[in-house]
Each structure stands twice: as structure tokens, then as C-alpha cells.
Amino acid sequence: MKIILKTVRWVVALFFASTLLAVVAYRFLPVYVTPLMFIRCAEQLKNGESLEWHHHWVALDEMSAHMPVAVMASEDQRFLLHHGFDFDAIQKAAEHNKTNKTKHGASTISQQTAKNVFLWPGRSWARKGFEVYFTALIELMWSKQRIMEVYLNSIEMGNGIYGVASVAKHHFNKDAAELSRADCALIAATLPNPRLYSSLNPSSYMRKRQRRIQHEMKFIPSFPKEGEQVNPETVSGGVYKNK
């Protein structure tokens with residue numbers, strides 16, 4: 001029994017040490033690969049498909065300034081306000097899901113970043129627990145700008161396409177910095193399911209989502225640069241308003 005307890009303590013200590021080291025390292029280093037990228041490659045090989053893996057890291061200031069605004073408008077309008085978890089959104093989603101067949105999620109950009117970089121897809125309680133842990137870590141150790149930068153570089157944006165630079169190249173024939181406001185809104189519109197919804201050949205439904213996101217973007221100012229402070233007086237109802 002003593003040996004078992006000692007082994008468990010060493011495993012727990014190793015887990016915390018390694019995860020802390022990884023989070024600290026990714027505060028400064030580009031994230032070139034994620035578990036999801038390997039999983040998608042394995043799925044492609046299993047299905048006899050050609051291998052598709054397009055990913056190119058670019059700094060946040062080398063992307064269109066509309067891109068972080070678009071994903072906030074679409075995915076997490078309170079991103080700059082919360083500390084990783086939007087409890088108001090969680091409560092609303094829970095109330096909605098009690099009486100509706102279509103389920104709403106309440107994952108923040110921080111949670112999605114933690115999942116994309118450190119974890120695997122899934123809905124188990126164990127994975128959700130790890131997601132909470134890593135979300136708390138990155139919120140503690142990274143700036144909001146770094147979280148957004150990693151998110152926009154690691155998120156799946158099409159079949160075999162990861163990050164803004166790759167989707168800009170393969171779907172819009174542009175550099176990440178050249179994406180227009182409408183382009184960014186269309187990319188953000190795919191994020192609930194980028195393997196189903198396409199920014200290359202958007203359906204009428206996607207165009208409708210794009211227009212809604214562009215409308216929401218009117219109420220969100222430019223994403224702040226590193227070191228800039230958010231003025232709470234510009235917030236109304238949880239959504240940033242232009243001065």
C-alpha cells in the first residue's frame with residue numbers, strides 16, 4: 001500500500017510539474033502542433049483519405065484586426081471581462097437545454113484554447129475536468145492577447161486547416177493581415193462546426209450567420225493590444241460598445 005501511495009504521489013507531482021511547465025512554455029513559444037491535428041491525421045489515414053494538414057503560425061499583430069473581434073462577436077462576447085468561465089452564459093445554456101432538443105454550449109474562448117492545445121475532443125467528465133484545470137492555468141499565466149493569439153492559430157477552420165493564416169490562404173487566397181471584415185465574420189461563422197460549415201463555399205445559412213456576426217461586431221471595439229487596459233465604462237450589458 002505504501003508503494004502504491006508513493007507512486008500515486010509521484011504521478012500527481014509529475015502531472016502538475018509537467019503541465020505547469022507546458023503552460024509557461026506556451027506563454028512564449030508558438031504552438032505548432034496540437035492533439036487534434038494528430039487525431040485528424042489518424043482519422044484521414046483510417047478512412048483512406050489523402051493527408052491534409054495545413055498550419056502556419058502568425059503573430060496576432062500580423063492578422064487582420066477584424067479577426068479577434070469577429071470571433072468574440074460569434075463565440076464569446078464577454079471574453080475580455082471574464083476570467084475563463086462565463087457563468088451567466090452557463091446558466092442560460094443550462095436553462096435552455098432543459099426544455100429544448102437543440103443544446104447550447106457555453107464554452108469561452110479560453111476554454112476552447114485550453115481544449116485545443118492541451119486536450120482531446122470529447123464530452124467525458126474527466127476531459128471536462130482537465131479543461132477547467134488548464135483554463136484556470138492559462139487565464140492565470142497568459143494575457144488575454146496571448147490566449148486570443150493561440151486560439152486563432154490553433155483552432156480548426158476547415159478539413160485539415162488550422163489557424164487564421166491557413167484558412168486565409170486556402171479559402172480566400174490572402175495573407176492573414178489582408179482578410180476583410182466580411183471575410184473574418186464568415187470564418188467566425190464556421191466555428192461551431194468547421195468541418196460541416198465552409199468559408200470556401202458558404203451556404204445561404206452561412207451567409208445569414210455572417211451578416212449576424214457583422215452586426216454584432218458593430219458593438220465591439222478593436223481588440224486591445226498587449227498592455228492596454230479595458231475601460232469598464234465602455235461595457236453595457238456585457239458587450240463592449242464603441243465610444
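Of all residues in the range 131-154, which are among the hydrophobic types (A, V, I, L, M, F, W, C) and open to solvent by less than 10 Å² (accessible area, probe 1.4 Å)? Within the range 131-154, Ile138, Ile147, Met148, Val150, Leu152 qualify.
Table: residues versus (1) within 18 Å of the chain's Cα centre (by Cα); (2) of a type outside the set (Gly, Ala, Ser).
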site: Glu149; (1), (2): yes, yes
site: Leu152; (1), (2): yes, yes
site: Met157; (1), (2): yes, yes
site: Tyr162; (1), (2): yes, yes
site: Ala165; (1), (2): yes, no
site: Ala168; (1), (2): yes, no
site: Ala176; (1), (2): yes, no
site: Leu179; (1), (2): no, yes
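Screening the candidates Glu43, Glu49, Glu62 for the property of being on the phi < 0 side of the Ramachandran plot, in contact (Cβ under 8 Å) with a residue 24 or more places away in the chain and surrounded by fewer than 15 Cβ atoms within 10 Å (Cβ to Cβ) yields one hit, Glu62. Count of the range 1-58 residues, restricted to those that are in contact with a helix residue (DSSP H, G or I) (Cβ under 8 Å, 6 or more places away or on another chain) and hydrophobic (A, V, I, L, M, F, W, C), is 10.
Residues in the range 31-40 that are part of a loop (DSSP other than H, G, I, E, B) and either open to solvent by less than 40 Å² (accessible area, probe 1.4 Å) or at positive phi (or both): Val31, Thr34. Contact map, the range 133-150: residues that are without any contact (Cβ under 8 Å) to a residue 60 or more places away in the chain paired with residues that are open to solvent by 30 Å² or more (accessible area, probe 1.4 Å) and not in a helix (DSSP H, G or I), Cβ distance under 6 Å, separation 6+ or inter-chain. Pairs shown: Glu139/His83. Screening the range 195-235 for residues that are open to solvent by 40 Å² or more (accessible area, probe 1.4 Å), of a type in the set (S, T, N, Q) and in a helix (DSSP H, G or I) and picking the one that is modelled with the highest pLDDT gives Gln214.
The values are calculated or read from the model by the stated rules, or taken from the named source; none is laboratory data. Source: prediction; values computed, not measured. Glycine also receives a Cβ, built like all others from the backbone with ideal geometry; neighbour counts cover every protein chain displayed. We work out accessible area using only protein heavy atoms, side chains counted, and drop any ligands, DNA or RNA first. Shrake-Rupley method; radii C 1.70, N 1.55, O 1.52, S 1.80 Å.
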